[in-house]
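Step one of this worksheet: look at the structure below.
The values are calculated or read from the model by the stated rules, or taken from the named source; none is laboratory data. Predicted model, so just to flag it, every value in this text is computed and none were measured. Cβ atoms come from the backbone with ideal geometry, glycine included; neighbour counts cover every protein chain shown.
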Amino acid sequence: MAAHEQKIEFYNGPAGGWGALRSVTRALLAQDIPVKGAKTLLSANQPDGFDCPGCAWPDRNHASTFEFCENGVKAVAAEATARRAGPALFAQHTVTELAARSDFWLEDQGRLTHPMVYDAASDRYRPIEWDAAFALIARHLNALPDPDQAIFYTSGRASNEAAFLYQLFVREYGTNNFPDCSNMCHEPSGSGMRPQFGVGKGTVTLDDFERTDAIFIFGQNPGTNHPRMLGELRAAHKRGARIVSFNPLRERGLERFADPQDKREMVTMGATPISTHYFQLRIGGDLAAVKGMMKQLLERQDAGESLLDAAFIAEHTTGFEALAADLRAESWDVLEQESGLDRAQLRAAGDVYAAADSAIVCWGMGITQHAHSVATIQMLGNLLLMRGNVGRPGAGPCPVRGHSNVQGDRTMGIWEKPPAALLDRLAEVYGFEPPRENGMDTVEAIAAMRDGQGKVFFALGGNFAAATPDTYETWKGLRRCDLTVHVATKLNRSHVVHGREALILPCLGRTEIDIQATGPQGVTVEDSMSMVHISTGINPPASPQLLSEPAIVARLAEATLGHRSRTPWRWLVEDYARIRDHIEAVFDDFKDFNRRVAVPGGFRLRNTASERVWATASKKAGFFTHAVPRDTPSHRARARFAGKGGAKGDTRVFTLLTTRSHDQYNTTIYGHDDRYRGVFGQRRVVFIHADDIRDIGLKNGDWVDIRTVWDDGQERRADRFKLVAYDIPRGNLAAYYPETNPLVPLSSVALNAGTPASKSIPVILVPHAVAGKESEGAEVDTTRTPYAVGA
Ligand SMILES: Nc1nc2c(c(=O)[nH]1)N[C@H]1C(S)=C(S)[C@@H](COP(=O)(O)OP(=O)(O)OC[C@H]3O[C@@H](n4cnc5c(=O)[nH]c(N)nc54)[C@H](O)[C@@H]3O)O[C@H]1N2
Ligand SMILES: Nc1nc2c(c(=O)[nH]1)N[C@H]1C(S)=C(S)[C@@H](COP(=O)(O)OP(=O)(O)OC[C@H]3O[C@@H](n4cnc5c(=O)[nH]c(N)nc54)[C@H](O)[C@@H]3O)O[C@H]1N2
Ligand SMILES: [Mo]
């Protein structure tokens, strides 16, 4: 791998445009994909093609026009790569050697081709037959004295069919230990919305985007993570809708967008503005900001205007008076101080909301990954409810999901806290008594493995070792396991941080043809707006050895459960329509599943809140009152450090957010550029306000180590990041994940959701002892900084 050219260069162009087209060409070349690749890409999100394995943003009817999406192309190219990580690669390198490579290098080896088993004597993975692999897992599972010692992780790419079989197998085996990527992602959205609206999902559809007056976007970076959403935002802007962004960083995709499919914009180098208003609030300041908007609304109402939907509030909600009293009592000074926005800005934001006949509120990880995320989400809900903006056209909550089927996996029962109704139904349909105790979420699973309570770790996709918080604790846990198993498409960190015994099971990707006994199969997925549709692979499999995920689960279930199970596992995977019939038997919302999903575009699952039917305890939608958080770990650390030291560089407490670059898909690093933020050829950067750099006595471009200042006094650190002066509020920092995950302790999670608070880490910066280029990363102590830099 050649050294990446490193530079920091302010990016002044729009999102999309020619840069996106050039980047696509590079992405294809990097995966050795010629024209064939381009053809593959054209079937993404087509009625008879596959669902894009990128994000969960929905598609216009899965209809005929290919929507251009640079990062969708990268996601498909990463799977359709011509490169292979076969037995020769594993013969050539010990696992210790592989572990010294970067995340980028590991995935860059290409698609896994054979099931592999770890051989401790040679410290190498060697090929194993599928049946032997399943027998090995079954032996471990059946030897555990308690099924709760096994942990079954899911990443959000698994199809509905795979997820359904998986949850059934694991519950027949006897545990609800289903940690999943959702625990690290939109868990707080469900936790906040269920008691408030009676559903844990967003209520809006693309039609609502077409008719809304105002779209509020909190803590989300669609230009990078949901590029197709820019199409909706662009159209809304052109029609005169207000688009209001709340983000500590100025994100290019929230400012301007040039649609590569718009000839005029491309030729004239023109672009459509996106946000009409941009509020650069402080990290974690959203709850205070939304409170400010609501306070403004209420002050105007109290002054005689008619801005609240009184009839809706009276008929459909509870708790409004308590909220109103709290808002009236709230001090503007506190709201200003904690949001980082001044009174005029908060009032202006409230006024935009008041002026809109209908409004949508979107949010992403900038909202969910905080200690107070559930409270913030309920505040967003309050804001909507005040003007009756739920359950009518052009209005509603829109949590923008990440993984392409993360919402569907939860619908299928991948949940460590299964509703009793689901378990009752499983008992009825399958004739076994499912475990009733809640299982472990992601953070609990890490602690259990570390403490020796979790002994077998099985992952259906994902990259647990890299995606999770508290990297060393996670690694200790995985290494303490008797057995770790990863169903995967590509080599990643989790395969080289393994248990005493370990397996890598290579599977088909969603872009690939899946042939079972009755012929080629399609799978189903559910997008962020509850649309369920079919996805059919069109590429030949990366290797003849690959099994589909449903087949892997079914064969594992057979090997493990044997005669204990009455489920016809093999028969089910012969024809996935049979699995869908079983899904229909368990979930009422999937009535007539096979027929309805065969229609181009699929169907929408029922969402009671969008019908103003409230499945809450009170049968009403709820206003929830929450105080502005003023005692977070960052607040406490600042208080401890107040007045100490001077411009020495080690005593100023910052709040750090961790985020995605434009060239990554979660832990999959496609490349080393973050074009819209002006970062090229590198990832170990920390974005910081220029005045803060001066105040800590350093210069732009200097190298620093990041050290945490949690209350427990236990220092966590990530070494060697380059300071990049950036448009970010003072006292706030941003850096990329997963490199910064060692900084997040297991104890720092969202209240009532358990999501790691990876967007609010209290840290100090200290000068890094050895200066140099990132690609000469040899001096980074990998016992402290697990991610080897360079390649
Ligand atoms: N290309 C690509 N697409 C992806 C992914 C990917 O990695 N690459 N990941 C997928 C997944 S699983 C997910 S969950 C989504 C993630 O998509 P996003 O939700 O966009 O995730 P992040 O990149 O983590 O960034 C969140 C945004 O929140 C802002 N932010 C951080 N802290 C705060 C805060 O306190 N308040 C506010 N208002 N804003 C804040 C950051 O500046 C950033 O702009 O994308 C999905 N799509
Ligand atoms: N600090 C910090 N940490 C975070 C976040 C953050 O913003 N900041 N974001 C969190 C979020 S939102 C999420 S969703 C998690 C992501 O956590 P995960 O979902 O666990 O991680 P990914 O990086 O998406 O997983 C990538 C791996 O999935 C495998 N894979 C790809 N496609 C397939 C497939 O079709 N089948 C199978 N079986 N495997 C496949 C490949 O081997 C690849 O290496 O990370 C979380 N961690
Ligand atoms: Mo996510």
Selection within the stretch 118-135 - surrounded by fewer than 19 Cβ atoms within 10 Å (Cβ to Cβ), hydrophobic (A, V, I, L, M, F, W, C) and either under 21 Å from Lys490 (Cβ atoms) or in contact (Cβ under 8 Å) with a residue 24 or more places away in the chain (or both):
Ala120, Trp130, Ala135
What are the pairs, 6+ residues apart or on separate chains, where a residue within the stretch 355-370 that is over 13 Å from Ile283 (Cβ atoms) and modelled with pLDDT of 95 or more has its Cβ under 7 Å from a residue that is of a type in the set (Ser, Thr, Tyr) and more than 8 Å from ligand 1 (Cβ to nearest atom)?
Ser358/Thr212; Ala359/Thr212; Ala359/Tyr353; Ile360/Thr212; Thr368/Ser189; Thr368/Thr755
All but one of (1) touching a Lys or Arg at 6+ places or on another chain (Cβ under 9 Å); (2) part of a helix (DSSP H, G or I); (3) of a type in the set (A, V, I, L, M) hold for Ile215; state the number of the condition that does not hold.
(2)
Of the residues Tyr153, Tyr166, Tyr173, which is within 16 Å of ligand 3 (Cβ to nearest atom) and at pLDDT 95 or above?
Tyr153
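For the stretch 336-405, which fully contained helices (runs of 4 or more DSSP H) count at least 1 residues that are within 16 Å of ligand 3 (Cβ to nearest atom) and either assigned by TED's automatic domain parsing to the domain that holds Gly285 or surrounded by fewer than 24 Cβ atoms within 10 Å (Cβ to Cβ) (or both)?
Filter on the stretch 336-405 gives 365-368, 373-386.
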Take residues that are closer than 27 Å to Val76 by Cβ and tell me which of the strands (runs of 3 or more DSSP E) falling wholly in the stretch 86-154 contain 2 or more.
150-154
Need pairs with beta-carbon distance below 6 Å; first residue hydroxyl-bearing (Ser, Thr, Tyr) and within the stretch 513-542, second part of a strand (DSSP E or B); sequence gap 6+ or separate chains.
Thr524/Val532; Thr524/Ile534; Ser530/Arg604; Ser535/Val523; Ser535/Val525
Those residues that are away from ligand 1 (no atom under 16 Å from the Cβ), farther than 16 Å from Gly622 by Cα and among the hydroxyl-bearing types (Ser, Thr, Tyr), I need them from the stretch 168-203; list them, please.
Tyr173, Thr175
All positions within the stretch 678-735 that are basic (Lys, Arg), over 27 Å from Asp342 (Cβ atoms) and outside any strand (DSSP E or B):
Arg683, Arg684, Lys699, Arg716
